[in-house]
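Working notes, beginning with the structure itself.
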Amino acid sequence: MHVSLDAFAELRKPYLQIDEDKVSENIRRLAFADRPQMTADRHARTYYLEGGRPMWLSRKGADSRVDSVLKYVATVDSFGFSREDFCYTTISRDLARVQNLDFDTLPDAANGINRVYARLEYSLTKAFLRYCEGQRFGFTNPYDLFNRLDVRDSDSVHVSYRSLYGVPTKLARSEFLDEAYGAIASGSEKVGAFMQASYPENPLYNEFCKMLSRTLSAAERRRVFCNIERSRWRHGDYPQLHDKYVLVNVPTQQLEAVEKNDRITMRIALGSMKTKTPLLTGRIKRIDFNPQWIIPKSIIKTSVRHHAGDVGYFERHNYFVRERKSGKIISPAFVTADMMMSHDYHVVQRGGKGNALGRIIFRFDNDYSIYLHDTSSPSVFANRNRIVSHGCIRVERPYDLAVFMLADKDERVMEKMKYSIAADLGNEGGEDDDRPAIDKSKLLHSLGVKPTVPLFITYYTLYPNADGVMTGYDDIYGFDPVIYAKIQNFIKQ
């Protein structure tokens with residue numbers, strides 16, 4: 001078939017002429033008018049307001065990179081989100097206009113070529129970053145959610161908050177953005193590979209998403225969405241990656257110690273609503289026996305300082321005051337309330353029977369002074385609701401947990417552990433005391449855990465039970481509504 005130059009005359013019409021400056025100007029207008037709903041939106045907006053060049057389109061139009069974005073955005077239904085919150089319809093319609101040269105005859109009209117190119121460019125970047133950042137790091141920032149939730153102290157000028165989230169979690173930093181923009185510039189395969197690599201790495205993610213295909217009540221769906229979001233937060237380490245670990249999933253109010261196919265489960269007591277147990281990970285590295293308890297200032301403020309100078313009170317509770325620098329013990333008769341609240345002094349409870357930490361404590365490095373430990377009030381484990389502590393985790397069977405920690409189940413070590421947690425440390429075996437003296441050769445003060453054992457303090461209101469069945473648990477700290485409030489605008493109704 002003969003084709004003359006007249007066939008291309010349509011392409012020379014003014015309304016099909018792209019003005020790069022006007023496209024860039026329209027993109028900046030879109031960015032300026034945009035109201036970010038998530039971190040990804042702020043990143044897209046900042047890129048263009050700071051003079052970022054268009055990345056998706058050229059005078060030749062759009063290429064297969066756009067198809068890759070639409071392909072992945074179309075899958076957001078699988079985790080319950082709306083495609084419209086990822087600009088799916090806007091991108092599809094404007095892409096069709098570009099492919100069919102279907103523009104308004106006035107270039108600056110609503111669907112003029114310069115405005116369509118600008119809208120498609122901005123929508124693609126926004127959709128791409130929303131998908132990749134959301135799936136790779138979560139659509140919420142757990143540090144922002146939980147570390148400005150509970151007020152610790154406040155006055156007319158300052159407010160301080162309790163830190164409730166300390167799990168190392170990756171966030172979308174500048175390196176991620178550089179990599180994302182580099183993927184856009186590298187072509188369709190790189191865009192698709194980058195979006196695929198953004199898939200959540202948490203083994204629980206798929207299990208949660210599968211639940212959306214079931215018939216669920218509105219409350220059940222909300223709970224699923226909240227746990228899907230938790231499983232997006234990228235930690236790099238998960239219990240399922242280890243043969244041996246300890247898991248505390250706060251809503252279950254239980255501890256699981258797992259070694260390959262063996263599992264120990266026991267009840268625990270956790271932080272109260274005012275002093276919630278923070279979410280942490282670490283490695284248990286030491287077991288201490290008959291530990292002394294350095295009483296936190298928050299407890300001194302509410303329960304101890306008004307007993308300043310009361311020698312009987314200090315003796316009954318086995319408390320003493322020690323100067324931090326010198327280690328000097330101060331006689332209770334000379335202890336003042338100001339002294340107890342000063343950072344120059346510690347109020348300490350001696351180790352042994354009646355100590356608030358019990359006879360065993362499991363230590364791991366953290367910035368919260370949080371530990372797993374025994375308790376002098378074991379009756380708490382008979383209660384259904386066990387959120388009673390100042391943040392630490394009290395364990396029901398500390399001896400069993402200590403044995404679990406041992407790589408070598410040495411009978412002699414285990415006998416020493418039993419002796420140490422039963423010994424009457426107040427008995428020195430004097431002439432007028434017919435009780436047997438302590439055998440110090442049998443006492444253990446500290447035992448290293450080698451190799452260290454991973455510890456995960458998590459918060460899932462849906463979690464597999466010992467049989468692998470996904471089970472729902474009470475949201476004891478009320479964290480689900482905090483998460484849901486942030487993601488509900490993206491959920492498909």
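Any read-out appearing in this document is the output of simple, stated calculations on the displayed coordinates, not a laboratory observation. Computed from a predicted model, the values in this text were never measured in an experiment. Using ideal geometry, Cβ is built from the backbone for each residue, glycine included, and neighbour counts are taken over all protein chains shown.
Phi angles of the stretch 362-373 translate, via the Karplus equation with coefficients 6.51, -1.76, 1.60 and θ = phi - 60°, into HN-Hα couplings of 10, 9, 9, 5, 6, 8, 10, 6, 9, 9, 9, 7 Hz per residue; Gly and Pro are given as x.
Mean projection of the alpha-carbon convex hull of the stretch 40-140 over all orientations, in nm²?
On the way: hull surface 26.8 nm².
Its Cα hull, projected and averaged over all orientations, spans 6.7 nm².
All C-alpha to C-alpha distances of the stretch 7-186, sorted into 10 Å bins beginning at zero, yield P(r) values of 9, 32, 30, 16, 9, 4, 1, 0 percent in whole numbers. Summing Lys and Arg as +1 and Asp and Glu as -1 over all other residues whose Cβ lies under 12 Å from the Cβ of Thr458 gives a net charge of -1. The H on the amide N of Tyr345, modeled in the peptide plane, is under 5 Å from the matching H of Arg324, each at least 5 residues off or on a different chain.
What whole-number volume per residue, in cubic angstrom, does the convex hull of the C-alpha atoms of the stretch 233-314 give? Intermediate results must be reported in sequence, preceding the final value.
Details: hull volume 13.6 nm³, N = 82.
So the per-residue hull volume is 166 Å³.
In the P(r) worked out for the chain, what percent of Cα pairs fall beyond 31 Å?
Numbers: 70237 of 121278 pairs.
Counting pairs separated by more than 31 Å, the tail of P(r) holds 58 percent.
The distance between label points at Ala110 and Ile299 comes to 6.6 nm (points 7 Å beyond Cα on the Cα→Cβ vector). Please pull out the direction-averaged projected area of the stretch 136-194, using the convex hull of its alpha-carbon atoms, in nm² to one decimal place. Here the figure is 5.7 nm², rounded to one decimal.
Measuring from centroid to centroid over Cα atoms, what is the spacing of the stretch 367-383 and the stretch 153-176 in Å? The stretch 367-383 and the stretch 153-176 have Cα centres separated by 26 Å. Once a ≥ b ≥ c are taken as the square roots of the eigenvalues of the Cα gyration tensor of the stretch 133-248, is the result rounded (a/c under 1.5), prolate (a/b larger than b/c) or oblate (a/b not larger than b/c)? Because a/c hits 1.5 or more and a/b fails to exceed b/c, the stretch 133-248 counts as oblate. Per-residue extension of 0.36 nm, minus the Cα-Cα distance of Arg286 and His235, leaves a gain of 16.0 nm for this segment.
Packing-wise, with mean Cβ within 10 Å as the measure, how do 223-229, 334-340 rank, highest first? Walk me through the numbers on the way to the answer.
On the way: 223-229: 23.9, 334-340: 15.9.
The packing order, highest mean first, is 223-229, 334-340.
As a calculated quantity, the FRET efficiency between His343 and Leu49 at R0 = 60 Å, using C-beta atoms, amounts to about 0.85.
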